[in-house]
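Quick notes on the structure that follows.
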Amino acid sequence: MDSIRLADLVRHHAQMTPDAVALVFEDRETRFATLDRQANQIANGLIAAGLHPGDRIAFLGKNSDLYFALWLGAAKAGAVLVPVNWRLAPPEVAYILSDCAPRFVIADPAFVDRLEPAAAYVILSTDDAPAWRDAQDDADPRQDAGYDDPVLQLYTSGTTGHPKGAMLSNRSLLALRQQTPDALMPTWNRWSADDVALVAMPVFHISGSGWGLWSLQHGGKAVVVREFDPHQLFDLLTRHRITKIMMVPTAMKILCDHPGAADADFSFLHTICYGGSAIPLDLMRQAIALFGCGFAQMYGMTETAGTVVGLPPEDHDPQGNVRMRSVGIPLPGVSVRVLDEAGQEVIPGAIGEIAIRSPSTMTGYFNRPDATAETLDAQGWLRTGDAGYLDADGYLYLADRIKDMIITGGENVYPAEVENALYSHPHVADVAVIGVPDAKWGEAVKAIVVPVEGASPEPAALIAWARDRIAAYKAPKTIDFRDSLPRNPSGKILRRVLREEYR
């Protein structure tokens, strides 16, 4: 059982429940038998075009049913799918494609102009992909990658330098659930063929790909939306009778304030999962009263293939409680430690770096053995870079982010990326980037700039400069100017001091 691989899932459901709907996308339904056949055709088309096991296939596009068929087809051909964040600036896209060296790139027509015309990879438009797919043989090639071989490569931003490709194997994506009997899985995290999941988070995140995979893994129905629009959530929920949804608190607030929400029947909704930040208590009360379903906070990261710790519904109290300040307890099969600077485990209540061991952990960073060794040790413990502590009951609390990461609207932004973009402006002598509280997005990106002597740069010009070089959501929303930045004796910018000033 524990050696079942990604493509085996669709094979199984195509045989057992061929007419069950696997994917809904706009006005199109795809049943499991059709999805299995499409995956076969894609795999054979890739192999016929010269693909070899272990080759990378990049996807540059918004959410679609084609993405999941492509992922399963790549898996049947032994390839690794690399979904690329379409919100990135062209230089960022170019770096990822250069790093992963894909054999093929499947791209939405709107993003084809971001690709190099003379590049080594073959470019296929998503508009042309269905006709290309349907012209291929539909026999199963059964060229699947091994259980410990990667089938998905997601790029995660770093504190410095370029993003790294976290390689997720069949084991990473499937073992945690395969090795845990359903009866031992927390009720909020159990899935069945009766579930209808809304895949609204982007597939270039583990939150999008993983959420869709969980639905497919259990024979459920995944309703895929091209791009997340919280203002459409109400209609999607009620029309498709969604049972499971994952969203950030910002979207939950918009849904709660929808004019039709108060009179709607949400009895079909079983679980709302959320992450990225804690839900304000007033919003939690409003949501519990409106939806009447279970709420679960999730903690995880790309390198752990998503959720490894969760705060269950029974710990969500409308009156508030201490545990609601935590991110919850480890899932079955997951171990969590908190380590000091020497790598030794600390006592409950003491703050240190969070380390996780799980069968879902990545196999490593693509072509980054040094970075892999710094993050993942020989015993399988992954250093998260997050600071926190465990209480006596095993609940995990986040104390701060060692890496100074900013979470804005559910997106991760690392200050170094933004600072590097601004440093290249001729009128910027020094810069520090922090997250500041924001009522809508949770945190907003702010830059504190020291101008070059004699220069008087305009904030709008600096923001535009950054947006040309990095994704728009990473660019600062506001810029302040000052004569100097606080630094420690070794010269490191004290972002903590700056955050305290603005909080």
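When Met301, Met246, Met16 are ordered from fewest to most other Cβ atoms inside 10 Å of their Cβ, what list results?
Values: Met301 19, Met246 25, Met16 11.
So the ranking, lowest neighbour count to highest, is Met16, Met301, Met246.
Let me see the pair-distance distribution of the range 102-219: every alpha carbon pair, 5 Å bin width, integer percents in order.
2, 8, 11, 16, 20, 19, 11, 7, 4, 1, 0
For n ≥ 4 DSSP H runs only, could you compute -39500 (n - 2.57) per run for the chain, divide by its residues and tell me the 222 nm figure to the nearest 500? Walk me through the intermediate numbers first.
Details: 14 runs with 138 residues, N = 503.
Helices in the chain give a 222 nm mean residue ellipticity of -8000 deg cm²/dmol.
Send over the semi-axes of the range 156-294's equivalent ellipsoid, whole angstrom and largest first, taken as the square roots of 5 times the C-alpha gyration tensor eigenvalues. Intermediate values should be presented prior to the final figure.
Working: eigenvalues 137, 79, 42 Å².
Sorted largest first and rounded, they come to 26, 20, 15 Å.
Output the relative contact order of the range 400-503, whole-number percent, from Cα pairs under 8 angstrom with separation of 6+ residues. Don't jump to the answer; show the numbers that get you there.
Working: 179 pairs, mean separation 27.4, N = 104.
Rounded, it is 26 percent for the range 400-503.
Give me the Kirkwood hydrodynamic radius of the range 406-502, using the inverse of the mean 1/r over all pairs of distinct Cα atoms, in Å to one decimal.
On the way: mean 1/r = 0.0743 Å⁻¹.
About 13.5 Å for the range 406-502.
Please give the length that would be gained between Arg28 and Gln232 if that part of the chain were fully extended, namely 0.36 nm times their separation in residues minus their C-alpha to C-alpha distance (nm, one decimal).
Working: separation 204, 0.36 × 204 = 73.44 nm, distance 1.80 nm.
Using 0.36 nm per residue and subtracting the Cα-Cα distance, I get 71.6 nm.
With the crude spin-label approximation of a point 7 Å out along Cα→Cβ, what separation in nm comes out for Arg285 versus Gln179?
Between Arg285 and Gln179, the simple spin-label model gives 4.3 nm.
Given a Förster distance of 22 angstrom, what is the FRET efficiency for Arg87 paired with Asp438, based on the Cβ-Cβ distance and rounded to 0.05? Walk me through the numbers before you get to the answer.
Values: r = 19 Å, r/R0 = 0.84.
The calculated FRET efficiency here is 0.75.
What's the extension gain from His427 to Glu341 if we count 0.36 nm per residue and subtract their Cα-Cα distance?
Working: separation 86, 0.36 × 86 = 30.96 nm, distance 3.83 nm.
My answer for the length gained is 27.1 nm.
Please find the FRET efficiency linking Glu453 to Met405, where r is the Cβ-Cβ separation and R0 is fixed at 35 Å, and quote it to the nearest 0.05. Could you put the intermediate results ahead of the total?
On the way: r = 32 Å, r/R0 = 0.92.
That pair, Glu453 with Met405, gives E of 0.65.
Going by how many other Cβ atoms sit within 10 Å of their own, how do Phe481, Phe68 line up, fewest first?
Phe481, Phe68
How high is the relative contact order of the chain? Use alpha-carbon pairs under 8 Å, at least six apart in sequence, and give a whole percent.
On the way: 1058 pairs, mean separation 58.6, N = 503.
It comes to 12 percent, rounded to a whole number.
Give me the percent of DSSP beta bridges within the chain that run antiparallel, rounded to the nearest 5.
On the way: 50 of 84 bridges.
Approximately 60 percent, going by the DSSP bridge assignments.
Could you tell me the relative contact order of the range 294-427? Use alpha-carbon pairs under 8 Å, at least six residues apart, and round to a whole percent. Display every interim value, and only then the final one.
Numbers: 220 pairs, mean separation 24.7, N = 134.
Rounded, it is 18 percent for the range 294-427.
Enumerate the calculated ³J(HN,Hα) couplings along the range 280-288 in order (Karplus 6.51 cos²θ - 1.76 cosθ + 1.60, θ = phi - 60°), each rounded to whole Hz, writing x wherever the residue is Gly or Pro.
Calculated HN-Hα couplings, in order: x, 4, 4, 5, 4, 4, 4, 5, 4 Hz.
Less than 12 Å Cβ to Cβ from His427, Lys/Arg counted +1 and Asp/Glu -1: what total charge do the surrounding residues give?
Values: positive: none; negative: Asp430, Glu453, Glu458.
Neighbourhood net charge equals -3.
Under a Cβ-only charge scheme (Lys and Arg +1, Asp and Glu -1), can you give me the dipole magnitude of the range 367-503 about the Cα centre, in debye to the nearest 20?
Working: 17 positive and 21 negative charges, 39 e Å.
Using Cβ point charges on Lys, Arg, Asp and Glu, the range 367-503 gives about 180 debye.
Compute the FRET efficiency between Asp391 and Ala135 as 1/(1 + (r/R0)^6), taking r as their Cβ-Cβ distance and R0 = 51 Å, and round to the nearest 0.05. Kindly include the intermediate steps, with their values, before the conclusion.
Working: r = 59 Å, r/R0 = 1.15.
Given R0 = 51 Å and the Cβ-Cβ separation, E is 0.30.
Among Leu233, Leu290, Leu283, rank each residue by its count of other Cβ atoms within 10 Å, from fewest to most, as a rough exposure measure. Could the numbers behind the result be given before it?
Numbers: Leu233 22, Leu290 18, Leu283 15.
The order, fewest Cβ neighbours first, is Leu283, Leu290, Leu233.
Label points 7 Å out from Cα along the Cβ direction at Ser125 and Arg487: separation in nm?
Taking the simple label geometry, Ser125 and Arg487 are separated by 5.2 nm.
Calculate the length of the line joining the C-alpha centroid of the range 413-440 to that of the range 110-186, in whole Å.
Centre-to-centre (Cα) distance: 31 Å.
Assuming 0.36 nm per residue, please report the length gained on full extension of the stretch Asp194 to Ala461 beyond their Cα-Cα distance. Can you show the working numbers first?
Numbers: separation 267, 0.36 × 267 = 96.12 nm, distance 5.18 nm.
Length difference between fully extended and current span is 90.9 nm.
Modelled label-to-label distance, Glu116 and Thr17, 7 Å Cα→beta-carbon offset: nm?
With each label placed 7 Å out from Cα toward Cβ, I get 4.5 nm.
In the range 334-401, how does Rg compare with the Kirkwood Rh, expressed as the Rg/Rh ratio over alpha carbon atoms? Display every interim value, and only then the final one.
Values: Rg = 12.2 Å, Rh = 12.4 Å.
That ratio is 0.99, to two decimals.
Taken together, the values in this text are just the output of simple stated rules run on the coordinates, not laboratory data. All of these numbers come straight from a predicted model, not from anything done at the bench. With ideal geometry, Cβ positions are generated from the backbone for all residues, glycine too; neighbour counts draw on all protein chains shown.
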